[in-house]
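Structure first, then comments.
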Amino acid sequence: MFVDSLSNEELSELSEKIEEGFLKNYLQKRMVELANPMLVCPVCEKRVSEEEDLLIQFGPKGFRKKARFCGHDCLAYFFDKQMPRFAEKNILEKEE
Ligand SMILES: [Zn+2]
């Protein structure tokens, strides 16, 4: 488990966070983010903010999809390697 690699100090900090309920809230928030493709970069799963993102829209009118990327690297990688897979799985959100 990842906890085996933590120092005594880190374990103590983690233990406090668990007692405070912080970790549970954090994990729940993170799961919501990962379940919502507009909140995380589809390539690296980093949180994307609306101020810094690169938003693309594609697809025919009425079936347009959106994806939000954290940077140019991830955007380029997406078009190169991942777009066919994502389009197939229909992971990206449809325009409302
Ligand atoms: Zn990214």
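Summarised in one figure, the compactness ratio Rg/Rh of the chain, Cα atoms and Kirkwood Rh, is 1.12.
The simple Förster model, with R0 at 25 Å and r as the Cβ-Cβ distance, assigns Glu16 and Cys44 a FRET efficiency of 0.30. This model, with +1 at the C-beta of Lys and Arg and -1 at the C-beta of Asp and Glu, gives the chain a dipole about its Cα centre of some 820 debye. Among the listed pairs Lys24/Lys66; Lys29/Lys81; Lys46/Lys81; Lys17/Lys66; Lys29/Lys61; Lys46/Lys66, a Cα-Cα separation exceeding 26 Å is found for Lys24/Lys66; Lys29/Lys81; Lys17/Lys66; Lys29/Lys61. Modelled spin labels at Asp80 and Asn36, positioned 7 Å past Cα toward Cβ, are 3.1 nm from each other.
Under 5 Å from the amide H of Val40 lie the amide H atoms of Val48, each residue being 5 or more positions distant or on a separate chain, with H modelled from the backbone and absent for Pro and chain starts.
Taking each residue as 0.36 nm, the span from Asp53 to Gln28 lengthens on full extension beyond its C-alpha to C-alpha distance by 6.7 nm.
The string of couplings for segment 53-60 from the Karplus curve (6.51, -1.76, 1.60, θ = phi - 60°) is 6, 10, 9, 10, 10, 8, x, x Hz, one whole number per residue in order, with x for Gly and Pro. Angle check, please: helix 22-35 long axis (alpha carbons) against the longest principal axis of the chain (alpha carbons), in degrees 0 to 90, nearest 10. Helix 22-35 and the main axis of the chain meet at about 10 degrees.
Readers should treat all values here as calculations from the given coordinates under stated rules, not as data from a laboratory. None of the values given here were measured: they were computed from a predicted structure. Glycine gets a Cβ as well: all are built from the backbone with ideal geometry, and neighbour counts include every protein chain shown.
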